[in-house]
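Single-structure report; data block below.
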Amino acid sequence: MQAVVTNASVTGCLELGEVADPVADSNEAVIAVSAFSLNRGELRRAEAAPAGRQIGWDLVGVVKTAARNGSGPGEGRRVVGFSRRMLGWAQYVALPTTDFAVIPDAVSDNDAATLPVAGLTALYALERCERLLGSRVLVTGASGGVGYFACQLARLMGARVTAQLRRPDFEDMVRATGVDEVVISAGGSGFAEHGKFRSIIDGVGGQALAKLLSQLDDSGRAILYGVSAGAEATLAVRDLMLTGDGRIEGFYLYRETEIESAAKGLDRLLGLLADGRLTTHVPVTGNWEAIGETAARLIGRDFAGKAVLTTLYQSSQLLTLMAGFHEL
């Protein structure tokens with residue numbers, strides 16, 4: 001079958017290649033993939049990976065073969081999944097039934113495809129925080145996939161949300177999520193006048209994070225899920241001491257989905273999308289033949305939000321599978 005594979009010598013370090021078909025365990029369904037969304041995390045891994053390695057976390061498709069143990073949805077169901085083995089950008093993928101959820105009719109493939117990494121990270125990071133109702137939350141990198149969802153979910157949880165952006169280009173997009181404040185700051189300065197925050201959801205890292213930690217409120221909690229501005233920060237220990245029992249916590253999605261399965265989290269997010277309480281921002285779409293160019297644009301921060309690409313199975317073969325399901 002065809003799949004997206006790594007190649008450091010091409011644009012974006014990714015291209016289409018031939019790989020072996022997946023072999024499913026008894027608790028896994030085989031999914032015919034129709035679309036997927038890109039994340040910076042997997043693209044950074046692609047840059048350092050040996051040639052020919054498969055990649056991809058987020059995917060949408062139709063169940064081609066249900067799990068042999070009887071768990072999960074049956075053949076023909078439209079689903080969104082999280083490939084923890086990073087094999088998702090392919091014609092077919094075998095996934096444990098705990099790692100994907102059925103997509104409601106009211107939710108499009110493109111919208112569903114944005115949820116696994118970005119949506120689950122935002123959801124579970126915020127749920128690590130306590131007593132958000134009426135509290136102040138800072139979301140850094142608010143124009144990115146995780147940040148965009150975190151702004152909306154924090155609002156739904158009753159928080160007063162401040163969004164941080166490095167540049168003003170995407171301010172209108174972020175304000176449309178209903179945030180209370182937007183602060184344009186590349187280096188983490190300019191927050192003192194905005195007061196303290198009960199929670200900081202940070203995907204930026206670097207020295208900007210070092211400055212933001214001084215804005216953590218008493219007993220506040222900073223959840224760190226990314227390092228887009230740098231993997232190291234100088235910690236001002238005294239600032240943290242003055243918060244009382246304030247905390248800095250690392251976030252790792254793989255571990256979080258062991259506490260609550262990706263299937264359950266995705267089902268919750270899909271419900272919010274179907275109800276219109278959560279929105280996506282997908283400015284870039286196309287065919288997966290454009291994977292290298294799209295990856296390069298995402299790494300280069302040419303656009304905010306998410307990019308979604310369709311596979312071969314957005315065409316006649318996927319339609320045939322769906323038609324067969326509806327005839328049952």
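The values are calculated or read from the model by the stated rules, or taken from the named source; none is laboratory data. Since the model is a prediction, treat every value here as computed from it, not as a measurement. Virtual Cβ from ideal backbone geometry, glycine too; neighbours counted across all protein chains shown. Just the protein is used for accessible areas: all its heavy atoms, side chains included, with ligands, DNA and RNA removed. Shrake-Rupley method; radii C 1.70, N 1.55, O 1.52, S 1.80 Å.
Can you tell me which residue within segment 59-70, out of those that are under 19 Å from the mean Cα position of the chain (by Cα) and free of Cβ contacts under 8 Å to residues at least 60 places away in the same chain, is farthest from Thr6 (Cα to Cα)? Taking the candidates together, the pick is Val60. Looking for something at pLDDT 95 or above, buried (at least 21 other Cβ atoms within 10 Å of the Cβ) and under 21 Å from Val10 (Cβ atoms) - is there at least one such residue anywhere in segment 266-289? The answer is yes; a qualifying residue exists.
In segment 32-48, the residue that is most open to solvent (accessible area, probe 1.4 Å) out of those that are of a type in the set (Gly, Ala, Ser) and modelled with pLDDT under 95 is Ala48. When the helices (runs of 4 or more DSSP H) confined to segment 154-253 are screened for residues that are open to solvent by less than 30 Å² (accessible area, probe 1.4 Å), those reaching at least 3 such residues are found at 206-212.
Looking at segment 85-98, is at least one residue open to solvent by 10 Å² or more (accessible area, probe 1.4 Å), closer than 27 Å to Ala304 by Cα and outside any loop (DSSP other than H, G, I, E, B)? Checked against the condition, which is being open to solvent by 10 Å² or more (accessible area, probe 1.4 Å), closer than 27 Å to Ala304 by Cα and outside any loop (DSSP other than H, G, I, E, B), segment 85-98 yields no hits at all. Just one of the numbered conditions (1) open to solvent by less than 50 Å² (accessible area, probe 1.4 Å); (2) touching a residue at least 40 places away in the same chain (Cβ under 8 Å) is not true of Leu312: (1).
Glu256 passes every criterion in (1) more than 21 Å from Arg160 (Cβ to Cβ); (2) part of a strand (DSSP E or B); (3) open to solvent by less than 20 Å² (accessible area, probe 1.4 Å) apart from (2).
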